[in-house]
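A.B. asks: Could you have a look at this structure, given as structure tokens, before my questions?
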Amino acid sequence: MSIHIIGTGHYVPEKILTNFDLEKMVDTSDEWIVSRTGIRERHIADAATATSDLAAAAGRAALESARLTPADIDLVVVSTLTGDMPTPSTATIVQRKMGIPPCMCFDISAACTGLLYGIDIVHALLAARQRRTALLIGADKLSGVTNWSDRSTCVLFGDGASALVIQRDDHGDDDFYLASEVCADGNDADFLKIPGFGSACPATPEGIAQHLNTITMNGPKTYQKAVTAMSGACKRVLAKAGISASELHWAIPHQANDRIITAVAERLGIRENIYRSVARYGNTSSASIGICLDELNRNGELHRGDLILTAAFGAGLTWAAQLLRF
Ligand code: UT7
């Protein structure tokens, strides 16, 4: 049996919001945003676009890259924190929009780490011979849960989606998923959250006035945890696989902040081939690592057999690192 990523795709909305646009909205500057985060611009969806629209567009691109049709898919998994509605799952809405036949469809809630949670779960289902061809999507419309009057968060986020087609072949004997750590610690959940409007804090007009339906973050605490959790997980994953950092073809960390990416790379002793797209997209949560993978793939910079180290960190707090063979 072999399991491989056989297709990649991504989609971002056309509209670009630059740091200079943000200077007109809140008390900030291009200089502050670039020096503290590395972000220069982000893509923003219009009000009529749902997360499922972003997800379906990325899914179609991934299917095309895998040279498959919707009828070939027997598992749809969507990682998102901005699902279209509480129920049904965004995965079922994507299934309908893409014309995928009846099959298992569900969402994952692991914030920015969700795509890596999805890889772990999808791989397990395929390895157990429960399903053959999965469409795994990371999609978020963070602009809809952003407090546009809070300069400490509104400069950070963007909208987008990415998708992977992962398939089992019963005749091979290699596996793309070499080693991993996929984890969470709920004790620090308050560092990064959307406090309303779930069952614990139902929607009220006062709640809307207080922006309880938007992301709140203790930036410095989240920053420290992100660096230690991602670099620690990466070291343990490399040790488990018996691979040194110098053998990696690419390192793809979650794209939240260029300084976090640099700090993690320094702790791992990685100087080259660290993929960065945060300047162009900001933090797209579940979509970020898949966007990087797809850009590398489409630019011809990924080759069969390449070793890729991914790492992510997000609300929960959740984190993961994975060593993949493309
Ligand atoms: O994807 C999930 C995980 N998320 C992350 O990993 C994000 C982690 N955190 C971060 O990336 C950084 O903490 C931020 C980019 C959010 C903030 O950077 P920082 O260097 O930690 O800045 P800070 O929060 O310590 O704020 C420094 C100063 C403050 O002013 P005072 O108190 O020193 O006078 C802020 O009020 O910068 C101020 N500030 C801003 N100034 C201009 C905060 N936001 C802005 C802004 N423009 N947009």
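The values are calculated or read from the model by the stated rules, or taken from the named source; none is laboratory data. Keep in mind the model is a prediction, meaning the values are calculated, not measured. Using ideal geometry, Cβ is built from the backbone for each residue, glycine included, and neighbour counts are taken over all protein chains shown. The accessibility values were calculated without ligands, DNA or RNA, using every heavy atom of the protein model including side chains. Shrake-Rupley method; radii C 1.70, N 1.55, O 1.52, S 1.80 Å.
A.B. asks: Could you give the dipole magnitude of the chain about its Cα centre, charging the beta-carbon of Lys and Arg +1 and that of Asp and Glu -1, in debye to the nearest 20? Intermediate results must be reported in sequence, preceding the final value.
C.D. replies: Values: 29 positive and 36 negative charges, 58 e Å.
Here the size comes out at about 280 debye.
A.B. asks: Using the Cα centre of segment 103-213 as origin and beta-carbon charges of +1 (Lys, Arg) and -1 (Asp, Glu), tell me which of A110, G196, A134 is placed farthest towards the positive end of the dipole.
C.D. replies: Towards the positive end, the residue furthest out is G196.
A.B. asks: Put a dot 7 Å past each Cα toward the Cβ at R129 and F197; how far apart are the dots in nm?
C.D. replies: 4.8 nm
A.B. asks: Probe 1.4 Å, all protein chains in place: accessible area of I215 in Å², nearest 10?
C.D. replies: Roughly 20 Å² of I215 is accessible to a 1.4 Å probe.
A.B. asks: At 1.4 Å probe radius, can you tell me the per residue accessible area of segment 101-144 in Å²? Don't skip to the answer; put the middle values down first.
C.D. replies: Working: 1460 Å² over 44 residues.
Per residue, segment 101-144 has an accessible area of 33 Å².
A.B. asks: Subtract the Cα-Cα distance of I208 and R67 from 0.36 nm times their separation in residues, and report this length gain in nm to one decimal.
C.D. replies: Values: separation 141, 0.36 × 141 = 50.76 nm, distance 4.49 nm.
Here the answer is 46.3 nm.
A.B. asks: T228 accessible area, nearest 10 Å², 1.4 Å probe?
C.D. replies: Probe radius 1.4 Å; accessible area of T228 about 70 Å².
A.B. asks: Based on alpha-carbon centroids, what's the gap between segment 1-18 and segment 291-326 in Å, whole number please?
C.D. replies: 11 Å
A.B. asks: Turning to a different aspect of this structure: Before rounding to the nearest 500, sum -39500 (n - 2.57) across all DSSP H runs of length at least 4 in the chain and divide by the residue total; then give [θ] at 222 nm in deg cm²/dmol. Provide the component values of the computation, followed by the final result.
C.D. replies: Working: 11 runs with 110 residues, N = 326.
The helix contribution divided over the chain gives -10000 deg cm²/dmol.
A.B. asks: Run down the lysines and flag those whose C-alpha is under 21 Å from the C-alpha of K24, throwing out any fewer than 8 positions away in its chain.
C.D. replies: In chain and number order, the partners are K15.
A.B. asks: Suppose we keep just the DSSP beta bridges with both residues in segment 1-143; what percent of those would be antiparallel, to 5?
C.D. replies: In segment 1-143, approximately 25 percent of DSSP beta bridges are antiparallel ones.
A.B. asks: If you don't mind, there's one more thing I want to ask. K235: which lysines have alpha carbons under 28 Å from its alpha carbon, excluding same-chain residues fewer than 8 sequence positions away?
C.D. replies: K235 reaches K193, K221, K225.
A.B. asks: Still on this structure, please answer the following. For an R0 of 30 angstrom, estimate the FRET efficiency from the Cβ-Cβ distance between D46 and E266 and round to the nearest 0.05. Write out the running numbers ahead of the final one.
C.D. replies: Numbers: r = 39 Å, r/R0 = 1.31.
For D46 and E266, the calculated efficiency is 0.15.
A.B. asks: Can you say what percent of the DSSP beta bridges in segment 250-326, counting only those with both residues inside, are antiparallel? Round to 5. The partial results should precede the final answer.
C.D. replies: Numbers: 8 of 13 bridges.
That works out to approximately 60 percent antiparallel.
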